[in-house]
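Trainee: Would you mind keeping the following structure in view while I ask a few things?
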Amino acid sequence: MSFLKTKNPFKSTLLFGVFSGLRSGISLVLLPIFLNYLSPEDYGIVSLVIIYSTIVAVVGSLGLKSALYTFYFDFNNKAKLREYLSHLFSVHLVSFVLITCIHLVLGDTIYELLFTSNEVSFYNYGLIALLSVFFDVLNSLYFVFLKNEVNLNVYFRYTIGIVMLTAFFQLILITQFDLKIYGLLLGALIPNALIFIIISLSNSYLFRLRFNKKLLYPSLNYSLKLLPFLLFFAFENQIDKYLIELDLGLKHVGLYTLLIKIFGILIIAIKAIDDGIRPFLYRDLKDGKMTTSTYFNLYIGFSVLVLVIINTIGFNLEHIIKNSEYLVIKDYFFIGSMAFLLIVPVRFYGLLLVYYKASLKLSIVTSIKVLFLVVLMLFLIPKYKLHGALYAICISNLINIIVFAIILNKKVNVLPNVKTLMYVFLFIISSYYICSDIATSTNPIVSIGYTVVAIALFAWFYKNDGSRILKSKIE
């Protein structure tokens, strides 16, 4: 496929963005169908078992996936690079097998200690989720290698495979066999396991189980310092659901999870942008090119445009989700927009700090931030319920932006320009209006106009900068 062979940042970002977003995107497309079979309580159970499994996987991976993003560029020899990748896979495999064995013995006890609801159990919900996340992490490790190589062809094949298999198994298991929670979890596990087998058979060099200290030590030295950041980052993205379960119960967990899932469209978009621009941004930084602020402003502008689309979805939610139990989340879209808007600069600053290998600073700042977030949520959730969780996210992200900006100030100057500040201000004002209008209006013309104006302003503000920076190529 010749269209997949590219070294142009625009095309690379676009294609990686589409491919990276396909998996999460298809789950969002299918979600309205699944919610007809799952109650908010069922969806809350799925969310909680995935939370726990994700955090355990972060610990078991030792942060080596993040090391691969950076240390990949230290190898000029392809044979040495493959050997390095093989060592990373070996560490992951041994760690995950050990963790699985521990959970087979202690899994139910751990779940009883952590969760108040007896419906959230390790056997068999937790076990399926744990295995699914482990296979996903192993597959993702290989996908990072493909992204750094800008190997769109192979990445495309694996992505399409896992997307089609996930959609097929979840649809069949939920709609035809009425397996509900089991259908959603097994529908994710089976494709991840199958793709892992295919990767293993196609790349036998990955599983030689070798542990060369000299090859692993620099990455482990980096990743273990970064591990607290990754762990607290996982906590930050999941702790809200756990605290909601403790205070408000499974139904509110399900409702909140759906709200975050919809706003997760922004995270999908940001992750896609990260995957597309990372090789080019890092190479520009290495070459001393003054393009970082341009990338930053495009990053902010595009993220705001995605948030406009998310608010439009919220405005028309009753036309998308037929299960009326979930429609109460429409009241939370404006404060959700503010919380996720503040996540955007945090993500870009984190991208830069990873390049500068400031893993220890990332860990320290994120650890403090998450502890502060937990304290805020413990106070605000009982008082303001789901609004309280979103208020806490807003406050903690605002502080995170300030701290990261101070850390980066000595290395690189990254600030929003006047156009970006204007675009953000207009977004906040218009979003407040449209989100407050959600409860009193069902006229889709308002949301269509809101979206069209946002697209036009984005094109006007960012056309020149975007076209200039995206003309460059990797030589």
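Trainee: So what is the accessible area of the chain per residue, in Å², with the probe set to 1.4 Å?
Mentor: 44
Trainee: How much of Arg208 can a 1.4 Å solvent probe reach, expressed as accessible area in Å² and rounded to 10?
Mentor: 130
Trainee: Percent of accessible area on segment 242-337 owned by carbon and sulfur, 1.4 Å probe?
Mentor: Answer for segment 242-337: carbon and sulfur cover 62 percent of the accessible area.
Trainee: Can you give the net charge of the other residues whose Cβ lies under 14 Å from the Cβ of Ser367, counting K and R as +1 and D and E as -1?
Mentor: Within the 14 Å Cβ shell, the charges total +2.
Trainee: Between Asp108 and Tyr205, 0.36 nm times their residue separation minus their Cα-Cα distance comes to what?
Mentor: My answer for the length gained is 31.3 nm.
Trainee: Along the charge dipole of the chain, pointing to its positive end and built from +1/-1 on Cβ of Lys, Arg, Asp and Glu, which listed residue (His103, Gly44, Leu230) has its Cα farthest out?
Mentor: Highest projection toward the positive end goes to Leu230.
Trainee: Go through Ile244, Thr292, Phe280 and say which Cα lies farthest out towards the positive end of the charge dipole of segment 180-305; charges sit on Cβ, +1 for Lys and Arg, -1 for Asp and Glu.
Mentor: Selected residue: Phe280.
Trainee: To the nearest 10 square angstrom, how much accessible area does Phe296 have with a 1.4 angstrom probe?
Mentor: 10
Trainee: I would also like to ask the following. Run the dipole for segment 195-287 about the Cα centre, Lys and Arg Cβ at +1, Asp and Glu Cβ at -1, nothing else charged, and hand back the magnitude in debye, nearest 20.
Mentor: So the magnitude is around 580 debye.
Trainee: To continue, here is another question. Please list Asp284, Asp465 in order of solvent-accessible area, largest first, computed with a 1.4 Å probe with all protein chains present.
Mentor: Largest accessible area first, the residues go Asp465, Asp284.
Trainee: Here is a follow-up. Putting +1 on Lys and Arg Cβ atoms and -1 on Asp and Glu Cβ atoms, find which of Leu342, Tyr332, Phe168 reaches farthest to the positive end of the dipole of the chain.
Mentor: The one lying farthest along the dipole's positive direction is Leu342.
Trainee: Using a probe of 1.4 angstrom, how much of the accessible area of segment 20-72 is carbon and sulfur, in percent?
Mentor: 69
Trainee: Dipole magnitude of the chain about its Cα centre, charges +1 at Lys/Arg Cβ and -1 at Asp/Glu Cβ only, in debye to the nearest 20?
Mentor: Once rounded to the nearest 20, the dipole reads 2120 debye.
Trainee: Nearest 0.05, what FRET efficiency do His387 and Ile320 give at R0 = 25 Å with Cβ-Cβ as r?
Mentor: It comes out at approximately 0.65.
Trainee: How would Ile199, Ile26 rank on accessible area, largest to smallest, probe 1.4 Å?
Mentor: Largest accessible area first, the list is Ile26, Ile199.
Trainee: Assuming 0.36 nm per residue, please report the length gained on full extension of the stretch Ile395 to Ile448 beyond their Cα-Cα distance.
Mentor: Once the chain is fully extended between Ile395 and Ile448, it gains 16.0 nm.
Trainee: Can you give the helix-only mean residue ellipticity at 222 nm for the chain, where every DSSP H stretch with n ≥ 4 adds -39500 (n - 2.57) and the sum goes over all residues, rounded to the nearest 500 deg cm²/dmol?
Mentor: After summing the helix terms and dividing by the residues of the chain, the value is -27500 deg cm²/dmol.
Trainee: Taking a threshold of 20 Å on the Cα-Cα distance, which of the pairs Lys225/Lys289; Lys419/Lys463; Lys241/Lys261; Lys241/Lys369; Lys180/Lys271; Lys322/Lys385 fall above it?
Mentor: Lys225/Lys289; Lys180/Lys271; Lys322/Lys385, as the Cα separations exceed 20 Å there.
The values are calculated or read from the model by the stated rules, or taken from the named source; none is laboratory data. The shown structure was predicted, so the numbers you read here are calculated from the model rather than taken from an experiment. Cβ sites come from the backbone with ideal geometry, for glycine too, and all protein chains shown count toward neighbours. To get the accessible areas, we keep the full protein, side chains included, count just its heavy atoms, and leave off ligands, DNA and RNA. Shrake-Rupley method; radii C 1.70, N 1.55, O 1.52, S 1.80 Å.
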